[in-house]
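Beneath this line is the structure, given in structure tokens, with notes to follow.
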Amino acid sequence: MLEQIEKYFDNELSLSERQDFENQLSTNPALARSVAFYLNTKKAAQQLAQQTRRAEFEELRESLSKNVVGRKVNVSTWVTGIAASVMLVVGIWWFTQISTPRAEEFANHYIQQNFETLPVKMDAQTDSLQMGLKLFNDQKL
């Protein structure tokens with residue numbers, strides 16, 4: 001009878017077997033008591049397993065907290081960490097200073113791109129401004 005109850009709750013019975021089991025459950029008080037006992041036992045086993053697991057986790061947490069609190073950090077470890085941090089900051093600063101061009105270099109580059117040659121219109125009219133631009137471009141100041 002216990003095997004049939006387990007199969008019922010594990011959904012291993014066919015549809016007709018499930019219907020027969022449910023009919024027997026409503027008419028047979030002994031089967032109903034067995035099912036109630038099965039469910040109560042299963043629930044009690046789950047609760048016991050949870051309590052055991054909680055106790056194991058609590059022991060593990062306590063042992064880990066003792067290890068962390070009891071561990072002493074060596075002074076040389078602190079000095080090494082600080083020295084490594086300072087070296088890292090200096091290295092980053094040096095790298096950024098070398099890779100960024102200075103303001104004077106930016107200005108020279110801008111002047112070369114925009115003011116070395118000035119645009120001249122290509123039309124037939126002679127204009128003093130256009131003539132001055134052409135002379136500037138030809139370096140005839």
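Accessible surface area normalised per residue over segment 12-56 is 79 Å², counting heavy atoms of protein chains with a 1.4 Å rolling probe. When +1 charges are put on Lys and Arg Cβ atoms and -1 charges on Asp and Glu Cβ atoms, the dipole computed for segment 1-93 relative to its Cα centre reaches about 700 debye.
Summing charges over all other residues whose Cβ lies under 12 Å from the Cβ of Asn11, with Lys and Arg as +1 and Asp and Glu as -1, gives -2. Applying both filters, DSSP loop and at most 14 other Cβ atoms within 10 Å, to the GluC sites (Glu not before Pro) of segment 1-53 gives Glu12. With a Cα cut-off of under 30 Å and a minimum spacing of 8 residues unless on different chains, the lysine pairs in segment 2-141 number 4.
Apolar share of the accessible surface for the chain: 60 percent from carbon plus sulfur atoms, 1.4 Å probe. Extension gain for the segment Phe9 to Arg33, taken as residue separation times 0.36 nm less the Cα-Cα distance, is 7.1 nm to one decimal. Using equal-weight Cα scatterers in the Debye expression, the normalised intensity of the chain in log10 at q = 0.14, 0.17, 0.18 Å⁻¹ is -0.93, -1.06, -1.09.
Of the trypsin sites (Lys or Arg not before Pro) in segment 1-99, the ones in a loop by DSSP (not H, G, I, E or B) with at most 16 other beta carbons within 10 Å are Arg71, Lys72.
The values are calculated or read from the model by the stated rules, or taken from the named source; none is laboratory data. Computed from a predicted model, the values in this text were never measured in an experiment. FYI the Cβ positions are ideal-geometry reconstructions off the backbone, even for glycines, and counts take in every protein chain you see. Accessible surface areas use protein heavy atoms only, side chains included; no ligands, DNA or RNA. Shrake-Rupley method; radii C 1.70, N 1.55, O 1.52, S 1.80 Å.
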